[in-house]
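One structure below.
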Amino acid sequence: MKIHFSHPLRGKRKSAFTLVELLIAMSITSIILLVMLSLTATVADAWKRSRGAVFSNASARAAFDRIVTDVESAYYVQSLGEAEWFRFFPDDDSDLGTSTDGSSSPTWAMFYTSPIDRNVSQPGDVIGVSYRLAKQPVVGNNADYDLWALYRAFPTPYWNGPNPDDAPNPAKITFDELLGKPDIHAGFWAGKDTITQSTDYLIAANVLDFQVVSWIRLVNGDLQKVPSDTDVSVTSEGVRIGGTEVTGARLYAVEISLTILSDSAVNHMREGTFKGLSVEKFLQQNSWSFTRLIRINPESELLIQ
């Protein structure tokens, strides 16, 4: 008797992927990978932008803390004739450029205050103070692009001696050379421009723009907003706007605006890579602006009797 064995696969078709099926599978896989890569890039960009916003916000907050303290401690009187107490004007120094939108030069601000960080071992508490942007070269190998920084300076040359108590007293210099003068700019900066870029006076790095808008209380009680591209001077006798005396006016508040570049954007500037964008467009897309309105207290000090 013969026994026959049949193979289990005999008579059945072997399964396999056709070329069309493989192409379809590869296409679907490619689409999925592209979507995943796109999502990853979007999340990474969002993370970088969020990180840049946090960095810029922290820098702005630290700068505003100092500025607000100085402005709220501003000092002025009415008994010194035409003495100038506040000066806000566009800084037309060609090295500083213009704001990120190209509308105006950054503001140069000068006034008197009682800074809490003064040397209490030295006599005097009224000190002239200045806020100004200065252009700084980018750290790195690329010298084609520049950044700016906000500096706060007193009317005294930079001191690097071993004993800080031996440094020139800014309160004494303020009293001897500045108080009562009709032009705080001329008195404050005569021969002292070199101190601006000392790191001892650095308030915030990577600052693209610093603007001060003045709010003036007119004699009829209305408020007038003076653009940052206008020279504003507050004297013992009143307020001058663009060189014109405004009768009975007084300084009500100042609106400070800071535009700060993100730290990741700084690296791109060091490398000179802007993803096909112009420098101006790149700066606009990678910077954040912050604004703070600061009341001048007490406002009644500037009333014209």
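In this simple spin-label approximation, K135 and E280 carry label points 7 Å from Cα along the Cα→Cβ vector, and these lie 1.5 nm apart.
Projecting label points 7 angstrom from Cα along Cα→Cβ for E82 and S30 puts them 7.9 nm apart.
Estimated at 0.36 nm per residue, the fully extended path between N220 and Y75 surpasses their Cα-Cα distance by 49.7 nm.
None of the figures in this text is laboratory data; all of them are computed from the coordinates on show. Just so it is clear, the structure is predicted and the values come from calculations on it, not from any experiment. Here the Cβ is made from the backbone with ideal geometry for all residues, glycine too, and neighbour counts use every protein chain on show.
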